[in-house]
Structure formats: structure tokens, C-alpha cells
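Enquirer: Have a look at this one.
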Amino acid sequence: MASVKPSPALNQQDNHVLLVNNLSWQLAGKAILSAVDFSLAEGKMLGIIGPNGAGKSSLLRCLYRFITPTSGTIELFGEQISTLSAKMFARQVAVVLQDTPHHFEMTTSQLIALGLTPHKGAFDFTSKRDREEVTKALLKVGLQDKANQAYESLSGGEKQRALIARAIVQRPKLLILDEPTNHLDIRYQIQTLELLRTLNITVITSIHDLNLASALCDELLLLNDGHCVAKGTPKTVLTEQRIAEVFDVCCEIKPHPQHGNPLISYFYGYQTPNAADVGGVDEHSK
Ligand SMILES: Nc1ncnc2c1ncn2[C@@H]1O[C@H](COP(=O)(O)OP(=O)(O)OP(=O)(O)O)[C@@H](O)[C@H]1O
């Protein structure tokens with residue numbers, strides 16, 4: 001797959017939060033990520049897209065230091081992330097994952113308050129300001145009624161929103177999310193991504209829904225088989241040909257009537273629009 005020239009927006013070096021250079025990760029001799037390069041400017045929201053197994057989660061795991069890349073560098077505000085202490089890293093980077101450890105004994109508020117930990121000393125008590133931060137975060141994610149409910153008893157979507165609230169109180173400079181819309185109904189998918197945009201935090205998130213990514217991400221990075229196939233604005237990255245090549249799906253792309261970014265309509269049974277026009281689809285059998 002030929003690589004596409006990155007857009008100037010993603011290439012700018014001046015006010016970047018994150019600079020990833022030639023990042024590769026191999027596992028038992030197999031390349032999972034190969035020479036991934038990108039930078040991310042302050043305040044932008046970058047969507048990592050690509051088919052199953054493309055390497056999206058692996059890339060994010062390198063960024064939040066869960067795995068150590070085989071080669072390449074990751075800079076956060078000009079510093080190699082490998083040189084930062086755990087506390088310094090946690091003050092700057094918050095992570096929201098799909099699978100979280102069980103928190104049987106905690107209420108929703110208590111779980112959210114965990115986000116305050118990187119900013120506190122070992123013997124600090126919970127202050128009035130801390131409680132206000134938690135209340136504000138609960139309101140932001142629409143969980144004010146669930147503050148005292150056991151976290152484990154929340155629905156999948158509510159848990160996801162509680163984890164985002166925990167990240168909000170952490171006051172990170174960079175927020176990394178792995179499939180944050182997975183358990184959410186369409187209203188909360190849109191609301192969650194819109195919320196992330198209002199936080200004034202630089203965000204990097206993996207996301208499967210290309211139309212949601214197109215509507216709500218400033219920039220996209222398309223991975224396939226561990227390689228970066230394209231990066232830039234949704235208009236640059238999302239083309240019919242590229243979606244056919246990478247996802248093996250035929251589609252038609254038009255500007256979205258509201259925001260003008262690509263709106264993708266998929267064709268079923270691998271029918272191209274032309275094939276359907278010339279009789280590829282039997283109208284009476286629908
Ligand atoms: N710890 C591991 N051990 C073995 N293989 C791994 C490991 N981590 C990742 N892989 C492999 O690396 C490839 C990329 O996986 P990754 O989870 O990063 O993809 P993804 O794009 O996030 O996929 P999905 O969309 O299905 O979540 C897959 O083939 C996966 O099986």
C-alpha cells in the first residue's frame with residue numbers, strides 16, 4: 001500500500017504535544033508496528049482508524065508506556081516518555097481503556113476521585129476542591145444521579161463515562177482512549193466525542209466508526225497491518241479507493257450535509273454503485 005503524504009496540519013512541529021518517530025514494535029520476530037511517524041499539535045483530536053488487527057491498540061499501548069517499542073522514539077512536550085517518572089507521566093497523560101480492572105468496592109464518585117491521585121501527596125486528605133472537581137466531572141458525563149451507586153453496578157456505557165470522568169479530574173495534557181465509544185449508544189457516542197472536544201485537551205483515540213471519526217476528529221491516522229497508510233484531515237484520509245483497499249468494502253463518499261466532512265455510505269455484498277445500476281441488485285428481491 002503506497003503511503004500518502006501527510007497533511008501540513010499533522011506535520012507541524014512547532015506546538016506539538018506528541019512527536020512519534022519511526023516507531024516499530026516486534027513480537028516474536030513479527031512486526032506489529034512498522035516505522036510509524038506522526039506529530040500531534042496541542043488541542044487537536046487525532047483518531048486512529050484501521051481494520052481489526054491493524055495495530056491501533058498496540059500503538060496506543062506504546063504511547064501510554066504499557067509496552068516498550070522495539071525501535072523509534074516518542075516525545076511528549078519534547079521529552080522522551082521513557083525518561084519521565086511514573087508520577088510525572090500520570091500528571092500529563094490520562095488513559096481510558098476498554099477493559100479495566102474490577103473496582104468492586106467503589107462508588108462511582110470514589111472511582112472518579114482516583115484521577116486526582118497524581119496531583120496529591122501520600123498523606124493528603126480529600127479536600128472540598130477535590131469533591132467539587134469530582135462533582136463537575138460527574139455532571140460533564142451525565143452521571144450525577146449515579147454518584148453513590150457501586151461502580152460495578154453501572155451499565156457498560158455508564159462505566160465508560162465514569163472512566164472518562166476519572167480522566168477529566170486527572171487534568172491531563174494528553175488524553176489517550178482505546179475505543180471509547182464501544183459500549184455507548186449512538187447518542188452517547190456523539191456526546192462523548194463532542195465532550196472530549198470541549199475539554200481543551202489534546203486527544204488521541206482509536207475508533208472503528210469511520211463516520212464518527214470523520215465528523216469529530218480533527219485528524220486521522222489510518223493503520224493497516226502495522227503501517228501508517230495515510231494521515232491528515234478526514235477529507236484527505238477518507239477516500240473511496242483507500243477504504244476499498246484497506247477495509248475491502250465498497251462505498252460512496254459525499255460531503256456530510258451538516259459539517260462537510262466525508263460521509264461514507266457502504267455497499268453490501270461488495271456491489272459497486274455501477275454494478276447495482278446495471279442490474280447487479282434485483283429490486284424485487286429486496
Ligand atoms: N501481546 C500480544 N501477543 C501476541 N500478539 C499480539 C499481542 N498484542 C498484539 N498482538 C497482535 O498484534 C496485531 C495488532 O493488534 P492490535 O490489538 O494492536 O490491533 P487493533 O488494530 O487494535 O485491532 P482491533 O480493531 O481488533 O481491536 C494483532 O494481530 C494481534 O493479534
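Since every read-out is calculated from the coordinates, none of them should be taken as a lab result. Remember, it's a predicted structure, so these values are computed and weren't measured experimentally. For neighbour counting, all protein chains shown are included, and Cβ atoms are generated from backbone atoms with ideal geometry for every residue, glycine included.
Enquirer: Which order, highest average first, do 17-25, 227-235 follow once you tally other Cβ atoms within 10 Å for each residue and take the mean per peptide?
Expert: 227-235, 17-25
Enquirer: Could you list L175, L220 in order of exposure, starting from the residue whose Cβ has the fewest other Cβ atoms within 10 Å?
Expert: L175, L220
Enquirer: Based on the Cβ-Cβ distance from V249 to K128, what FRET efficiency comes out when R0 is 51 Å, to the nearest 0.05?
Expert: 0.45
Enquirer: Quick one: if the Förster radius is 45 Å, what FRET efficiency do T68 and Y266 give, using the C-beta to C-beta distance and rounding to 0.05?
Expert: 0.75
Enquirer: Moving on to the next point. Note down the net charge around N200, summing +1 for each Lys or Arg and -1 for each Asp or Glu among other residues with Cβ under 15 Å from its Cβ.
Expert: Net of charged neighbours comes to +3.
Enquirer: Let me ask another. Show me the ranking of peptides 110-119, 253-262, 143-152 by mean Cβ neighbours inside 10 Å, starting with the highest.
Expert: 110-119, 143-152, 253-262
Enquirer: According to a simple spin-label model (label point 7 Å from Cα along Cα-to-Cβ), what is the distance in nm between N52 and N211?
Expert: Simple spin-label model gives 2.1 nm for this pair.
Enquirer: Calculate, in nm to one decimal, what Q98 and S85 gain on full extension: separation in residues at 0.36 nm each, minus their alpha carbon distance.
Expert: 2.2 nm
Enquirer: Could you grab the relative contact order for the chain? Cα pairs under 8 Å, six or more apart, rounded to a whole percent.
Expert: Relative contact order for the chain comes out at 24 percent.
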